[in-house]
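What follows is a set of notes on a single structure, which appears directly below.
The values are calculated or read from the model by the stated rules, or taken from the named source; none is laboratory data. These numbers come from a predicted model, not from an experiment. Heads up, the Cβs are rebuilt from the backbone with ideal geometry, glycines too, and the neighbour counts pull from every protein chain shown. For accessibility, only protein heavy atoms count, side chains too; no ligands or nucleic acids. Shrake-Rupley method; radii C 1.70, N 1.55, O 1.52, S 1.80 Å.
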Amino acid sequence: MRDKQEKPLLSVVLPAYNEEASVPRAARVICTLLSGADIRYELIFVDDGSRDGTWAAIQAQIAPYPQVRGVRFSRNFGKEAAIFAGLAQARGDCAVVLDCDLQHPPEKIIEMYRLWEQGFQVVEGVKVSRGKENPLHTLAARTFYSLISNATGIDMSRASDFKLLDRRAVDTLLAMREKNAFFRALSSWIGFSTAQVEFEVQPRLEGESKWSIRSLTRYALVNLTSFSAAPLQLVTLLGVVVFLCSVALGLWSLWQKVSGQALEGFTTVILLQLIIGSILMICLGIIGYYVARIYEEIKDRPRYIVAEECEDRDHDGKAETDL
Ligand code: UDP
Ligand code: MG
């Protein structure tokens, strides 16, 4: 491990997807800030398979800021994968994750770092407000967060990916083998002594949000099902409800037969077929979804593929060769 005399190292992990405009600003702002606060740090940009000049922008930061390192994915693997890749690369005694568009205010890193120095192992950034968003988005986000909060048993309504983790917490997260790791929830789920720092989501200065409705829906579904088997129990519940209805209807048709008015049940038969048929299909769909997830996990493919890395090997005179 590190020399005891040496100041602790803070790794700053920044996932970047099509952020050529944000990267130089992020590097400048964060480096100035942390150097000013006399914190030893490294900056790890993870280029999540960007299609623009993000990788060139990251490489260009190494000359003015030798603390900068870059990892480039072979294609877009998503923000979660980028966060985990950044954490895997981190050499620090603690690591902080924040958005490269600086919607997570970098000044808060210092506040988080001081809390870490006091002994907190997980320092979570919690949103005071959600920033500017359209109302439909807010509604969808609320629904998703109330579902996931139920599933995890942790209040996630104000949670964000802006977190500082102690080395021990980072290693715990990295040891988890699940492919669809949901960083925001997992980093709370692991426990450890936790502190919170409130922040306001800043407006995005350049570029645009990478989320489409489709990608957000997918994100919500994947993360919900990776944390909760409740939808599967829903299947059983639906089965019970339908069974109760059929007992009632069965008794009713028997009564009709006994009292000699049996013929008119045709509508009921058709209705029943439709209802049961559709419920069965929904249930199969839900089960199928989980089977697909099991299939994904069992294939054991890597979460991401690194195509390239860059760093100033001479920086600090102690470039290490570990991964
Ligand atoms: N991001 C990423 N991979 C993706 C999508 C986004 O690494 O597939 C990064 C992005 O570059 C940014 C952060 O994740 O640093 C948050 O993304 P964005 O600003 O688009 O989301 P929002 O702030 O609107 O939630
Ligand atoms: Mg953003």
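The table that follows gives values for the structure above.
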quantity	calculated
Label point distance in nm, A175-A63, each placed 7 Å from Cα along Cα→Cβ	4.4
Charge dipole (debye, nearest 20) of the range 125-280; +1 at Cβ of Lys and Arg, -1 at Cβ of Asp and Glu	220
Per residue accessible area of the chain, 1.4 Å probe, in Å²	54
Rounded, prolate or oblate (a/c below 1.5 giving rounded, otherwise prolate when a/b exceeds b/c) for the range 190-244 by Cα gyration tensor	oblate
Cα→Cβ-extended label distance, 7 Å offset, between I154 and R114, nm	2.5
Helix-only CD estimate at 222 nm, as mean residue ellipticity for the chain, using -39500 (n - 2.57) per DSSP H run (n ≥ 4)	-16000 deg cm²/dmol
Of all accessible heavy-atom area on the range 56-106, the percent that carbon and sulfur account for (1.4 Å)	48
Count of Lys pairs (Cα-Cα under 22 Å; at least 8 positions apart or interchain) in the chain	22
Extension reserve of the D38-D312 stretch, reckoned as 0.36 nm per residue once the Cα distance is removed	96.6 nm
Residue-by-residue Karplus 3J(HN,Hα) for the range 112-127, coefficients 6.51, -1.76, 1.60, Hz, glycine and proline x	5, 4, 5, 5, 5, 4, 6, x, 6, 9, 10, 10, 9, x, 10, 6
Separation of the N134 and L232 label points, Cα + 7 Å toward Cβ, nm	3.7
Förster-model FRET efficiency, 51 Å R0, V242 and R168, C-beta, rounded to 0.05	0.55
Solvent-accessible surface ranking, highest first, for T54, T172, T32 at 1.4 angstrom	T32, T172, T54
Extension gain (nm, one decimal) between A56 and R142, 0.36 nm per residue minus Cα-Cα	27.2 nm
Candidate residues Y41, Y17: accessible-area rank, largest first, probe 1.4 Å	Y17, Y41
Added length on full extension, which subtracts the Cα-Cα distance from 0.36 nm per residue, Y290 to I270	4.1 nm
Rounded to whole Hz, the Karplus (6.51, -1.76, 1.60) HN-Hα couplings of the range 15-24, x for glycine and proline	x, 9, 10, 6, 10, 4, 7, 7, 4, x
